[in-house]
1. List every residue pair whose Cβ atoms lie under 8 Å apart, where the two residues are 6 or more positions apart in sequence or sit on different chains, the first residue falls within region 62-79 and is touching a residue at least 40 places away in the same chain (Cβ under 8 Å), and the second residue, located anywhere, is part of a helix (DSSP H, G or I) and aromatic (Phe, Trp, Tyr).
2. Specify the residue that is modelled with the lowest pLDDT; the eligible residues are those in region 28-62 that are crowded, with 23+ Cβ neighbours inside 10 Å and of a type in the set (A, V, I, L, M, F, W, C).
3. When you look at Phe151, is it surrounded by fewer than 20 Cβ atoms within 10 Å (Cβ to Cβ), under 22 Å from Leu65 (Cα atoms), out of contact with any Gly (no Cβ under 6 Å at 6 or more places or on another chain) and at pLDDT 85 or above, yes or no?
4. Considering Ala67, Ala103, which residue is at pLDDT 85 or above, farther than 30 Å from Ser131 by Cβ and out of contact with any helix residue (DSSP H, G or I) (no Cβ under 6 Å at 6 or more places or on another chain)?
Amino acid sequence: MLTDIVVILEQLINPRLSITSLFSALFGVIAIIVGSIYVFRLPDTATTARKLVILLIIYGMLQLLHATAYFVTCVKTSIALFRGVKDLHQIAVGLLLAFVYMAISLISMVVGIFGFYKVVALASFVEYWDSTSALYCPRIVFYTSLIVFVFHIVLVMIRCCCFK
């Protein structure tokens with residue numbers, strides 16, 4: 001059984017997953033930057049855009065946490081595997097960190113899918129010019145949200161293919 005746990009932890013250390021984690025962290029930083037720039041610049045009437053900006057900020061923070069958890073899990077798992085199966089404590093810590101990583105992944109996935117739904121629902125009704133409208137959303141906020149959340153869906157599919 002211990003060997004099966006080690007095999008699962010070895011599968012978690014995958015270079016393709018490292019690349020997707022770096023890209024998700026990059027898009028998380030972009031989401032935080034755009035969200036924090038526009039969170040206070042939106043008119044009070046732009047309720048839909050404000051919700052979208054807050055969702056961008058939350059999503060960005062989750063992606064940074066997700067990437068950090070992945071790399072910490074990889075480091076701890078590598079240490080555990082380097083020391084061998086004899087060091088049960090390191091393997092248990094690596095497994096616990098893997099569970100934390102999976103929990104953050106699930107929460108991040110739900111927030112990303114919800115954000116994708118919000119952007120797609122807003123796509124046909126967005127108002128770019130009338131700042132008094134409740135559906136007003138600056139172009140950069142809308143397009144950044146669209147790109148970030150579409151990229152999120154693509155990353156989820158890539159991660160599912162990478163982690164066998």
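1. From region 62-79, the pairs are Gln63/Phe27; His66/Tyr101; Tyr70/Tyr101; Thr73/Tyr101.
2. That would be Ala46.
3. Working: surrounded by fewer than 20 Cβ atoms within 10 Å (Cβ to Cβ): yes; under 22 Å from Leu65 (Cα atoms): yes; out of contact with any Gly (no Cβ under 6 Å at 6 or more places or on another chain): yes; at pLDDT 85 or above: yes.
Yes: the conditions hold for Phe151.
4. Values: Ala67 fails: out of contact with any helix residue (DSSP H, G or I) (no Cβ under 6 Å at 6 or more places or on another chain).
The conditions single out Ala103.
Conditions (1) over 22 Å from Thr144 (Cβ atoms); (2) part of a helix (DSSP H, G or I); (3) more than 14 Å from the chain's Cα centre (by Cα), marked per residue:
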residue: Pro43; (1), (2), (3): no, no, yes
residue: Leu62; (1), (2), (3): no, yes, no
residue: Ile79; (1), (2), (3): yes, yes, yes
residue: Val93; (1), (2), (3): yes, yes, yes
residue: Tyr101; (1), (2), (3): yes, yes, no
residue: Leu106; (1), (2), (3): yes, yes, no
residue: Gly112; (1), (2), (3): no, yes, no
residue: Gly115; (1), (2), (3): no, yes, no
residue: Leu122; (1), (2), (3): no, yes, yes
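The values are calculated or read from the model by the stated rules, or taken from the named source; none is laboratory data. Please read all numbers here as calculations on a predicted model, not as lab measurements. Neighbour counts are summed over all protein chains in view; Cβ atoms, including those assigned to glycine, are modelled from backbone coordinates with ideal geometry.
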